[in-house]
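Each remark here refers to the structure printed beneath this line.
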Amino acid sequence: MKYTLLATTLLLTGCSHMANNSWSGQDKAQHFIGSAMLSAAGNEYAQHQGISRDRSAVYGLMFSVSLGASKELWDSRPAGSGWSWKDFAWDVAGATTGFAVWQLAR
């Protein structure tokens, strides 16, 4: 239910404008690396709080993806650079990689 609500909210956000950018570039690497670090850090933090390994992985992954979505919502305001699905895709890829690296390191 929570994920359906999140997906619906993201799909129905009336973004004021969209970014017209490429799939590569320095900012894409920053999105990827930042999301990977946030995901791994969220996983580790949740586990240190006594949350099970499986649940802490969900917390870390959703923490990172939600920050990426929030950043894109901020960019979609009239004064921003515009919502970028490409940036968000790099955020999700980075969060997934951070999750995988964190799991392998355990």
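Of the residues Thr96, Thr8, Thr13, which is β-branched (Val, Ile, Thr), at pLDDT 90 or above and within 17 Å of the chain's Cα centre (by Cα)?
The unique qualifying residue is Thr96.
Going through the stretch 79-93 one residue at a time, which ones are among the small types (Gly, Ala, Ser) and within 12 Å of the chain's Cα centre (by Cα)?
Within the stretch 79-93, Ala89, Ala93 qualify.
Looking at the structure I just gave you, is Ser56 in contact with a His (Cβ under 9 Å, 6 or more places away or on another chain), under 21 Å from Ser22 (Cβ atoms) and in contact (Cβ under 8 Å) with a residue 12 or more places away in the chain?
no
Anything in the stretch 35-62 that is under 9 Å from the mean Cα position of the chain (by Cα) and under 10 Å from Gly98 (Cβ atoms)? List them, or say none.
Those that are under 9 Å from the mean Cα position of the chain (by Cα) and under 10 Å from Gly98 (Cβ atoms): Ser35, Ala36, Leu38, Ser39, Leu61.
Taking the condition of being among the polar types (S, T, N, Q) and free of Cβ contacts under 8 Å to residues at least 60 places away in the same chain, how many residues in the stretch 69-96 meet it?
Going through the stretch 69-96, the residues among the polar types (S, T, N, Q) turn out to be 70, 76, 81, 84, 96.
Cutting the leftovers down to free of Cβ contacts under 8 Å to residues at least 60 places away in the same chain gives us 70, 96.
Number of matching residues: 2.
I'd like the residue in the stretch 19-48 that is over 17 Å from Ala93 (Cβ atoms) and either out of contact with any helix residue (DSSP H, G or I) (no Cβ under 8 Å at 6 or more places or on another chain) or among the β-branched types (Val, Ile, Thr) (or both) and, out of all such residues, is modelled with the lowest pLDDT.
Here the answer is Asn20.
Restricting attention to the stretch 63-78, and to residues there that are within 10 Å of the chain's Cα centre (by Cα) and polar (S, T, N, Q), which single residue is surrounded by the most Cβ atoms within 10 Å (Cβ to Cβ)?
So the first thing to find is which residues in the stretch 63-78 are within 10 Å of the chain's Cα centre (by Cα), and the list is 63-72.
Imposing the further condition that a residue be polar (S, T, N, Q) reduces the set to 64, 66, 70.
Values: Ser64: 27, Ser66: 15, Ser70: 10.
Top of the filtered list is Ser64.
The values are calculated or read from the model by the stated rules, or taken from the named source; none is laboratory data. Everything numeric in this text was worked out from a predicted model, so none of it was measured. Don't worry about glycine lacking a Cβ; one is built from the backbone with ideal geometry, like all the others, and counts go over all protein chains shown.
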